[in-house]
Amino acid sequence: ELTSQEIQVLGLISEGNTNREITKALFLSEGTVRNYVSSILSKLGVSNRAEAAAYAIEHHLKDYL
């Protein structure tokens, strides 16, 4: 299960944001965002950001933001 912060990061990934853009939007360090992205990929069982974004769109995760 994704944390609320991971859902926010995933939402921004699904909008096409880079890690740097996510750091600015959520006031996090780049290392923290990288850790969140890695955790998200692992929890969703996907291998890259594109697959994670597709998962977010398919499962309507935007509704939870």
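Available extension along the chain between Glu51 and Ala25 is 7.2 nm, counting 0.36 nm per residue and deducting the alpha carbon span. The C-alpha atoms of the chain define a longest principal axis, and helix 49-58 lies at about 50 degrees to it.
Against the chain, whose longest principal axis is taken from its Cα atoms, helix 4-14 shows a tilt of about 80°. With distances taken between every two different alpha-carbon atoms, the chain has a Kirkwood hydrodynamic radius of 11.4 Å. Compared with the dominant principal axis of the Cα atoms in the chain, helix 30-44 is inclined by about 10°. Share of carbon and sulfur in the accessible area of the chain stands at 50%, probe radius 1.4 Å.
The values are calculated or read from the model by the stated rules, or taken from the named source; none is laboratory data. Predicted, not measured: the structure shown is a model, and the values here were computed from it. For accessibility, only protein heavy atoms count, side chains too; no ligands or nucleic acids. Shrake-Rupley method; radii C 1.70, N 1.55, O 1.52, S 1.80 Å.
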